[in-house]
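Data block below; observations after.
The values are calculated or read from the model by the stated rules, or taken from the named source; none is laboratory data. As the structure is a computational prediction, the values presented were derived from the model and not from experiment. When we count neighbours, we look across all protein chains shown, and the Cβ atoms used for this are built from the backbone with ideal geometry, even at glycine.
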Amino acid sequence: MMRAWILPVLLVLCGSVVATELIRRGSTGEAAAILLVFVLIAGVNSPLIFPRSIGALEAQRRSAEDGRPVVFWRSGCTYCLRLRIRLGRSARQLHWVDIWRDPDGAAVVRAANDGNETVPTVIVAGRSHVNPDPEWVRKQLSPSGAE
């Protein structure tokens, strides 16, 4: 769990150090702007932008019931962030598993990717797809879109 927050915390700390130095030099407006940028970047790279993660076993069980894809992701992954942002509101319909919080999820990803923890890995109908196009993932949510 802590691993997911390392980058966001470091970004906020770095922004605070830079802002403190700018305040010390008398540039409070610039300091506020820099700190805001660092906080926004930290927020985008945090688990907060993603829908609530569940465990891999629970996600697979729910996917078997409702047919919706399971997305395995981790914080700080630019490809995961791209997928999340491009999916928009549709992202809430997927089952999200943070592999840094769930060892079972990391094991599923390694099994699907020849031992590598490559994310995002999307499981649809038992088949894994590494870094799929967000539009394709969105189509998998419709009843006629599944392969």
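Is it fair to say Pro51 is without any contact (Cβ under 8 Å) to a residue 24 or more places away in the chain and within 22 Å of Pro8 (Cα to Cα)? Answer is no for this residue.
Does region 36-55 include one or more residues that are among the hydroxyl-bearing types (Ser, Thr, Tyr) and under 19 Å from Ala125 (Cβ atoms)?
No, that holds for no residue.
Restricting attention to region 100-131 and to residues that are without any contact (Cβ under 8 Å) to a residue 40 or more places away in the chain and assigned to a loop (DSSP other than H, G, I, E, B), the residue that is nearest to Asp66 (Cα to Cα) turns out to be Gly126.
For region 1-69, the helices (runs of 4 or more DSSP H) that sit wholly inside it and include 1 or more residues that are surrounded by 15 or more Cβ atoms within 10 Å (Cβ to Cβ), modelled with pLDDT of 95 or more and outside the structural domain of Trp100 (by TED's automatic domain parsing) are 3-24, 28-44.
Do you know which of the residues in region 91-107 that are over 13 Å from the mean Cα position of the chain (by Cα) and surrounded by 14 or more Cβ atoms within 10 Å (Cβ to Cβ) is farthest from Val44 (Cα to Cα)? Only one residue fits best here, namely Asp104. If you go through region 1-47 and keep only what is without any contact (Cβ under 8 Å) to a residue 60 or more places away in the chain, touching a Pro at 6+ places or on another chain (Cβ under 6 Å) and small (Gly, Ala, Ser), you end up with Ala42, Ser46.
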